Every structure is written in C-alpha cells, then in structure tokens.
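> Just dropping this structure here.
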C-alpha cells in the first residue's frame with residue numbers, strides 16, 4: 001500500500017500559494033483580528049481561492065485559530081479567524097517607581113510571563129540598559145518560548161531618565177539581538193486600549209492618560225497619529241492662561257502644571273511631592289479635601305480636552321492612568337467640563353469611558369509595536 005508523506009502533501013497543496021497572497025492575508029489578520037473569510041478577502045484585496053490557500057497554509061502550521069462566536073443576530077454565526085496566540089511573542093518594558101517592569105505577551109494579548117527588577121530612582125543610563133537587558137533575557141528564559149518566535153521588544157518611553165528613546169532602542173537592540181522600538185506612554189496606552197480594551201471596534205478615539213503626566217494618544221482612522229515630530233497629543237502642555245503656575249516646559253498655566261500629579265498632591269498635602277494614588281484612595285474613602293482636589297484637576301483637564309474634542313471629533317474618549325481609578329470622582333467633573341466647553345455636537349458624539357486595561361494598557365500597546373514585522377516573519381517561517 002502506498003504511503004503519502006504529510007510534508008509532501010502539504011507542499012503540493014500549497015504549490016499555488018504566492019508570497020504576495022500569504023503576506024496580504026497575514027498582514028490583514030495582524031491589523032484586524034477576528035474577521036470572517038469574506039471580510040479578510042476584502043481587506044487583503046484577494047478573491048476566495050488565494051485566501052483559502054493562505055489560510056490552509058497557516059492552519060497546517062498551527063498559526064491560526066478559527067472559531068464561531070455568538071453575535072446575537074438571527075441565523076448561524078460566522079466563523080472568525082485569528083492568528084494563534086503562540087504564532088509569535090513580544091516583550092514590553094516600562095520604567096515604574098523604583099523598578100523596571102516587563103512582560104512577555106502572545107498574539108492574543110495574554111501575558112505569559114511578568115517580572116520586575118528593582119532600579120534606583122536616579123539610575124544612570126548604563127544601569128537602565130543593564131536592567132533592560134537582564135529583564136529581556138529572564139522573560140524569554142522564564143517563559144520557555146522559542147526565542148525565534150519572539151519578534152520584538154517594545155519600550156514605554158516615559159520616565160527613561162537621560163536616555164533618548166532612539167539611543168536606548170539602538171543600545172538594547174545590540175545587546176539582545178531583537179528589534180526594539182520605543183513609544184511614549186500615552187501612545188502606547190492608546191494602542192493597547194484600541195486593540196485589546198475599551199477602544200475595540202472604534203477607529204477614531206482619544207486615549208487620555210491621567211497621572212503622573214497628562215497626555216493623549218490619538219487613534220485616527222484606525223491608526224496611531226504621532227505628528228510630524230512625534231509629539232502629537234501633548235495635552236498637558238496646552239496653556240489655559242498665561243498667568244498660571246510655571247510649567248516644567250517653561251510656559252505658564254499648562255494643564256499639567258494645574259492638574260498634574262504634583263498639583264493634586266500639593267493641594268492635598270501642601271507640598272508637591274508624594275503619591276497621587278494615596279490621594280485617590282483617600283478620596284474614595286470619603287476625604288473631602290482629596291475629593292475636591294480630584295474634582296478641580298478633572299475640571300481643568302476637561303477644559304483642555306474640550307478643545308481637542310472639538311478639533312478631532314472622536315467617537316470615544318478612553319480614560320486611563322492612575323486617576324482613572326477614582327471612577328466617578330474624576331469622570332463626572334471631566335465630562336461636565338467637556339460638555340460645558342466643547343462644541344456641543346462634538347461633545348455629544350464623544351463617548352467617555354474608563355479604560356479596561358488599567359496599568360497594563362501601556363505594556364499591551366508596546367507589545368504590538370512590532371506587529372508589522374511579524375507578518376514578514378511568519379511568511380518566511382511558512383515558506384522556508
């Protein structure tokens with residue numbers, strides 16, 4: 001009885017599959033997880049046959065998952081297609097209070113490994129680089145994933161001390177021999193909430209990050225908007241009046257100088273040092289002074305945000321950062337200020353929601369920075 005080699009059978013089945021078709025399908029799945037075959041074909045610009053060939057090749061290698069998801073409508077729900085979680089992995093690093101935090105994520109956003117290394121507040125660039133290198137290697141070793149399936153490292157750029165983002169990326173990339181990309185915290189949070197959290201399904205949104213700094217990440221037509229110099233979304237440095245307190249940027253009356261964590265802590269404790277999370281806990285426990293400080297800060301932020309909403313007309317505003325944990329104590333005055341100061345039609349169109357991911361938003365967003373490179377990597381692994 002004749003036998004058929006499984007590898008040969010797969011090769012024959014995929015003989016008509018072109019690199020271009022496979023690349024288009026993988027790129028589309030990276031960009032929009034959970035499409036039907038018809039949606040996938042439309043996004044990839046391919047007919048049914050090449051889409052089917054590409055999916056067969058991906059399925060043979062265990063790179064996709066196809067599942068039926070109930071949608072509440074009439075009739076049989078469609079099959080939706082996702083890249084499998086273990087088709088690739090990425091690492092995210094973020095400098096936090098007295099430490100460097102890192103996670104290894106799969107393609108579904110599931111955290112496979114998490115570690116934190118202690119780091120002095122005033123750590124020099126060499127110490128930051130050494131800690132980042134150690135963290136990358138420990139995360140890969142601890143997760144026991146194939147290093148060849150790790151497609152990059154994303155670094156949340158706020159708080160990197162004396163390191164310019166590009167210099168850190170270059171130095172760390174040389175150390176760990178993986179692509180490294182740095183993104184600011186508000187942008188990383190916007191990406192995270194858009195792909196995995198409260199911004200899912202909304203391609204025009206603002207992510208408002210409150211504390212320790214104040215900034216917004218902009219998702220426009222489904223893509224992150226950075227601006228020509230990469231500094232779009234600096235809400236914290238919009239001046240609301242030239243006679244206000246001096247900001248670290250050199251201007252006066254900036255939103256961050258009036259409503260940032262230093263201002264909030266100063267209002268409550270009488271000094272511009274301390275932990276804003278302590279203020280949030282006190283406010284939630286009923287402390288009137290803490291509640292008033294949060295209300296005043298949220299009102300100032302809302303007045304600045306009203307201008308951005310009028311200019312950009314987003315469908316959703318996702319609020320994250322430490323102050324989001326205060327819930328209605330921040331959200332209610334924030335929303336009231338927006339409706340009081342923004343163009344009414346724009347304010348009515350912008351749905352204000354608390355982020356779903358909490359402190360993981362930035363790490364999850366950073367984990368996706370190398371997804372465009374993943375598409376090319378998967379194609380090479382399939383066609384080798």
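> Using only Cα atoms, tell me the angle between helix 371-383 and the longest principal axis of the chain; keep it within 0 to 90° and round to the nearest 10.
The answer is roughly 10 degrees.
> Okay, moving on. Report the antiparallel proportion of the DSSP beta bridges in the chain as a percent, rounded to a multiple of 5.
Values: 32 of 50 bridges.
Antiparallel bridges make up about 65 percent of those DSSP assigns within the chain.
> Relative to the first principal axis of the alpha-carbon coordinates of the chain, what is the inclination of helix 19-31, with its axis defined by its Cα atoms, in degrees from 0 to 90 and to the nearest 10?
Rounded to the nearest ten degrees, it is 30.
> Once you have the Cα-Cα distance between residue 76 and residue 223, take 0.36 nm times their residue separation minus that, and quote the gain in nm to one decimal.
Working: separation 147, 0.36 × 147 = 52.92 nm, distance 3.20 nm.
Roughly 49.7 nm would be gained on extension.
> Cut-off 11 Å, label point 7 angstrom out along Cα-to-Cβ of residue 111: give me the residues of segment 197-236 whose amide nitrogen falls inside.
none
> Now for a separate question. State the Cα centre-to-centre distance between segment 168-227 and segment 17-43 in whole Å.
23
> Quick check: residue separation of residue 36 and residue 285 times 0.36 nm, minus the Cα distance between them. What number comes out in nm? Walk me through the numbers on the way to the answer.
Numbers: separation 249, 0.36 × 249 = 89.64 nm, distance 4.74 nm.
Once the chain is fully extended between residue 36 and residue 285, it gains 84.9 nm.
> Same structure, new question: So for segment 108-260: antiparallel DSSP bridges make up what percent, rounded to the nearest 5? Mind dumping the intermediate values first?
Values: 11 of 15 bridges.
Here the antiparallel bridges make up roughly 75 percent for segment 108-260.
> Return the whole-Å distance between the Cα centroid of segment 84-101 and the Cα centroid of segment 235-301.
30
> Measure nothing but the geometry: give the 0 to 90° angle between the long axis through the Cα atoms of 125-143 and the longest principal axis through the Cα atoms of the chain, rounded to 10°.
40
> Per-residue counts of other Cβ atoms within 10 Å, averaged by peptide: what ranking do you get for 351-360, 102-111, 259-268, highest first?
Top to bottom by mean Cβ count within 10 Å: 259-268, 102-111, 351-360.
> Grab the Cα-Cα distance for residue 312 and residue 174, subtract it from 0.36 nm times how many residues apart they are, and report the gain in nm with one decimal. All intermediate terms of the calculation are to be shown ahead of the outcome.
Working: separation 138, 0.36 × 138 = 49.68 nm, distance 3.94 nm.
Residue separation times 0.36 nm, minus the Cα-Cα distance, leaves 45.7 nm.
Computed from the coordinates by the stated procedures, all read-outs in this text should not be read as laboratory data. This one's a predicted model, so the numbers in the text were calculated from it and none came from an experiment. Neighbour counts are summed over all protein chains in view; Cβ atoms, including those assigned to glycine, are modelled from backbone coordinates with ideal geometry.
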